[in-house]
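The block underneath contains the structure these notes are about, expressed in structure tokens.
The values are calculated or read from the model by the stated rules, or taken from the named source; none is laboratory data. All values derive from a computational prediction rather than experimental measurement. Neighbour counts are summed over all protein chains in view; Cβ atoms, including those assigned to glycine, are modelled from backbone coordinates with ideal geometry.
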Amino acid sequence: MTRVTGRRRFLLSVAAILVVSVAGGWLLSRAGDDSPSNEGVVVLSPGSTSQDPTIGTNALNTGKVFPLVEVESLDGTPVTLGEPTGKPFLVNFWYSTCEPCKREMPALVAARAKYGIDIVGVNPRDTAELAREFADEYGIDYRLVRDPNGASLVALGVGTFPMTYLVAGDGTILEQRAGEITAAELDRMLAPLSGSQ
């Protein structure tokens, strides 16, 4: 029995190392790539503006606590992503060459103005300078952070962009949305919470 347990433990260890190696290799291959590319973008069917939130390449996190992950502000200061604030907030994963990310930015900016909700835009690919230029171009007035090591992607199982999470004040993920989010979807998500801001 000890031998079987030892063999099982060895196989589980090998499997865990393989998973971590594949995820790490993927993150490293993307970390230095600033070339225009649509790689990693959610492919939308004609006439569609969003995908099922449980799209196969993203982990389903609704109902779970948003993980605390160290990222950095655009000036390089360490920031803890996912810290409960006592009020609902949105976390949006994006990067500058992602076309659906570009298209959804006006809806996110408008939702912030309409509902006063805190939004954190997480960028795992771009330099701080490129992220600032993008923010200026799209009139982004909410907090942007960088995650150059991809820790938040791994913690949440994010595999497609854009990806948006609605998080309750206690840190519980209320909803997640894969793909381009629309103004109508943001209204549906945020209107019921407008009294809890």
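Taking residues in segment 158-182 that are at positive phi, and partners anywhere that are modelled with pLDDT under 95, the pairs with Cβ atoms closer than 6 Å and at least 6 places apart or on different chains are GLY171/PRO84; GLY179/VAL42; GLY179/SER50; GLY179/GLN51. Checking segment 177-185 against the condition returns a match, with at least one residue being out of contact with any strand residue (DSSP E or B) (no Cβ under 6 Å at 6 or more places or on another chain), assigned to a loop (DSSP other than H, G, I, E, B) and either aliphatic (A, V, I, L, M) or surrounded by fewer than 21 Cβ atoms within 10 Å (Cβ to Cβ) (or both). A count restricted to segment 77-128 and to residues that are closer than 19 Å to ASP147 by Cα, touching a residue at least 60 places away in the same chain (Cβ under 8 Å) and in a helix (DSSP H, G or I) stands at 1. Residues in segment 116-166 that are under 16 Å from LEU68 (Cα atoms) and of a type in the set (Phe, Trp, Tyr): TYR165 alone. Among the residues making up segment 162-175, those that are surrounded by fewer than 24 Cβ atoms within 10 Å (Cβ to Cβ) and not hydrophobic (A, V, I, L, M, F, W, C) are TYR165, GLY169, ASP170, GLY171, THR172, GLU175.
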